[in-house]
Amino acid sequence: MTTIYQTLAQRSAADWQQRLSQFEYRIANFIDGEHCPALSGETFEVVNPATGNVHGTAPRSGAADVDVAVNSARRAFKSGSWSRLAPRDRMAVLYRFAQLIEEHAEAFAMLDVLDMGKPITDMLEVDVPYSALSFQFFAETIDKLEGSVTNTTPEALHYILRQPLGVVGLIVPWNYPLLMAAWKLGPALSMGNSVVLKPAEQSPSSAVLLAQLFIQAGGPAGVFNVVQGLGYEAGEALALHMNVDKIGFTGSVEVGKKMFIYAGQSNMKRVTTECGGKSPQIILADVADLDRAVSYAVNGIYANQGEVCNAGSRLLVQDSLYDEFIERFTTVAQARYLPGDPFDPSTRMGSMVSFQQQKRVLGYIDKANAEGGRLVFGGGVPKGLEHGAFVSPTLYADVAPEMTLAREEVFGPVAAAIRVQGLEHALQIANDSIYGLAASVWTQNIDKALTFARDVEAGIVWVNCFDHGDMTQPWGGFKQSGNGRDRCLEALTQYSQTKSVWVHLGG
Ligand code: NAD
């Protein structure tokens, strides 16, 4: 059977342009089951970064809008329309929701591409199917979770219930607008919470359709609300709100740290964070297949324009194969990641999310030049694409571990290659970072592989691959990469709380 993704993959860039010319969509707040503007009537422009054109306006919400959304979420939670729905009924809604997401793959793909300039092919291969999967996965868990009875004194029955938190605020970034929301909405909704989602201001569009489809799937009004707006306005108001029980945040370290401050300044709400990274990809001399390692390393840094939390931006390559690695990496990267029109299905690299992000990435390139990095390829704006926020895939070699490029998250298509003497040296450099999201090692030596897995300070470790995984894999970091775990069973514990019930027996 042909899937909707395979059908859509047949389209040419011209076909997509034709569809876009008829495409109607709405960028709004979505509160209590209804589209609405900001109470102030204020808006901000939403720019397609691949063309520079404004493609819509979004409500510029403030504290008053957040208040209305949180009240709606609280009302829905208290009514029990979702929080106390029979588990299999809640499951049925989430399955239908997942199905509707797939049926609307075309619209979701277009919305995220318009907002952030990522390739349409990525939307069809990754973002849309994996977003649907997040709801399927967490729907499956709903009636499988059990509470427990403890082995306590015969004079009591002590049981532990797992219950929803109440109203959850979700603040998400722009790099995978639909997917990052889905990873948090899946566990939050499956546990019976009500939600207020604040999308990134660069990518407000797909969240509105998502919330609409939840209602279409049979979800009650008020359970899934969307408030658009700027981080320091709508985002801050949500994180400071006294009637929000938890903030699930994905974004930068800088803003992630603020979530804990807001929690302390308000109601000590729970906070989980998924923040940035500077992930090392370590290639040791005994790698079984250098071409395979090169292929993964290239995708590891350039997929999604390098705007990936776990981007393998540090290439730690053992001295004896370093030069050959750089040569092969250059050939593969230049053939595979040619920046171009995101709506062309052959494009694997689109534009940066914004002109501001382009400037930021180019700033890191300037710094790498000033600090003595050796530019191997890229290093600027690709010719013929000056109208959009494009950056060429870039590689610096002979980067010293203390250079800015080896230490800070660029969040763009810029790789730093560093020579290492062997595993111990690689581990020392890998761990010398404020981040600890992901790491990979390529080796045939089982002792080295397992030593690396034990000692590397990262929440996600790959051996002889990069970026493999599925919904069973806890997604989150060590150190300043955050304290949360998305997309696994553990995520459910982050959107629920335990209640101990002690029943005295025998009068
Ligand atoms: P960001 O921190 O600037 O913004 C993230 C979200 O926070 C946005 O919705 C923004 O509006 C909001 N925000 C900004 N300031 C705020 C404030 N003062 N109060 C409340 N909300 C505020 O991050 P970004 O640029 O959108 O995203 C890129 C970052 O996200 C990178 O660091 C990347 O590594 C990280 N990320 C991490 C993961 C992960 O799973 N660990 C996944 C994707 C992205």
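The values are calculated or read from the model by the stated rules, or taken from the named source; none is laboratory data. Only a predicted model underlies this, so the values are computations on that prediction, with no experimental measurement involved. In this analysis, Cβ positions are derived from the backbone assuming ideal geometry, glycine residues included, and neighbour counts consider all displayed protein chains. Keep in mind that these areas ignore ligands, DNA and RNA; they rest on the heavy atoms of the full protein, side chains included. Shrake-Rupley method; radii C 1.70, N 1.55, O 1.52, S 1.80 Å.
Going through the cross-link list Lys118/Lys258; Lys184/Lys278; Lys78/Lys118; Lys144/Lys448; Lys78/Lys269; Lys184/Lys257, which pairs have a Cα-Cα distance over 30 Å in this structure? Where the Cα-Cα span goes over 30 Å, the pairs concerned are Lys78/Lys118; Lys144/Lys448. The candidates Tyr159, Tyr5, arranged from most to least accessible area with a 1.4 Å probe in the full protein assembly, appear as Tyr159, Tyr5. Sorting 269-280, 89-100 by their mean Cβ neighbour count within 10 Å, with the most densely packed peptide first, gives 269-280, 89-100. Taking all protein chains as they are arranged and a probe of 1.4 Å, the heavy atoms of Met180 leave approximately 10 Å² accessible to solvent.
Computed from backbone phi with θ = phi - 60° and the Karplus coefficients 6.51, -1.76 and 1.60, the 3J(HN,Hα) list for the stretch 325-339 is 4, 4, 5, 5, 4, 4, 4, 5, 4, 6, 6, 8, 10, 8, x Hz; x is used for glycine and proline. Heavy atoms of the protein only, probe of 1.4 Å, neighbouring chains included. What is the accessible area of Lys198 in Å², nearest 10? Using a 1.4 Å probe on the heavy atoms, I get roughly 10 Å². For the stretch 383-393, putting each phi into the Karplus relation 6.51 cos²θ - 1.76 cosθ + 1.60 with θ = phi - 60° gives couplings of 4, x, 10, 5, 6, x, 8, 8, 9, 5, x Hz, in residue order, rounded to whole numbers and with x for Gly and Pro.
Here the stretch 412-443 is scanned for amide nitrogen atoms under 17 Å from the site 7 Å beyond the Cα of Ser320 along Cα-to-Cβ, giving 419-426, 442-443.
Stokes-Einstein, applied to the Kirkwood radius of the chain over Cα pairs at a viscosity of 0.890 mPa s and 25 °C, places its translational diffusion at 104 µm² s⁻¹.
For Phe224, nonlocal amide neighbours, meaning residues 5 or more places apart or on other chains whose placed amide H falls under 5 Å from its own, are Val195. Stokes-Einstein diffusion for the stretch 280-470, with the hydrodynamic radius set to the Kirkwood value over Cα pairs and evaluated at 25 °C in a medium of 0.890 mPa s, equals 148 µm²/s.
Quick one: with all protein chains in place, what share of the accessible area of the chain is carbon or sulfur, to the nearest percent (1.4 Å probe)? Ligands and nucleic acids excluded, carbon and sulfur reach 51 percent. In a fully extended conformation the segment linking Ala156 and Thr51 would gain 31.0 nm over its present Cα-Cα distance, using 0.36 nm per residue.
Counting only DSSP beta bridges with both residues in the chain, the antiparallel share comes to about 40 percent. Within the same chain, aspartates and glutamates fewer than 8 places from Lys499 are excluded, and of the rest, those with a Cα less than 15 Å from its Cα are Glu146. Per-residue surface analysis assigns His468 an accessible area of about 80 Å², computed on protein heavy atoms at 1.4 Å probe radius.
If you sort Glu324, Glu409 by accessible surface, 1.4 Å probe, largest first, the order is Glu324, Glu409.
Peptide packing for 432-440, 12-20 was compared via the average number of neighbouring C-beta atoms within 10 Å per residue; ordered from the highest value, the list is 432-440, 12-20.
When DSSP beta bridges are restricted to pairs lying wholly in the stretch 289-440, around 25% turn out antiparallel. In sequence order, the stretch 23-31 has phi-based couplings of 6, 10, 8, 10, 9, 8, 7, 9, 10 Hz under the Karplus curve 6.51 cos²θ - 1.76 cosθ + 1.60, θ = phi - 60°, and Gly or Pro positions carry x. Counted over all Cα-Cα pairs of the stretch 385-428, pairs farther apart than 11 Å make up 72 percent.
Of Lys258, Lys359, Lys383, Lys144, the residue with the largest accessible area leads and the full order is Lys383, Lys359, Lys144, Lys258 (1.4 Å probe). Where does the chain land at 222 nm, in deg cm²/dmol rounded to the nearest 500, when only DSSP H runs of n ≥ 4 count, each adding -39500 (n - 2.57), divided by all residues? Computed ellipticity for the chain at 222 nm equals -12000 deg cm²/dmol. Residues whose amide H falls under 5 Å from that of Phe44, counting only those 5 or more places apart or on a different chain, are Ala58, Arg60, with hydrogens built in the peptide plane. Amide H contacts under 5 Å for Trp462: Ala439, Ser440, Val441, restricted to partners 5 or more places along the chain or on a different chain, H placed in the peptide plane at 1.01 Å from N. If you take the Cα centroid of the stretch 140-185 and the Cα centroid of the stretch 469-507, the two points sit 6 Å apart.
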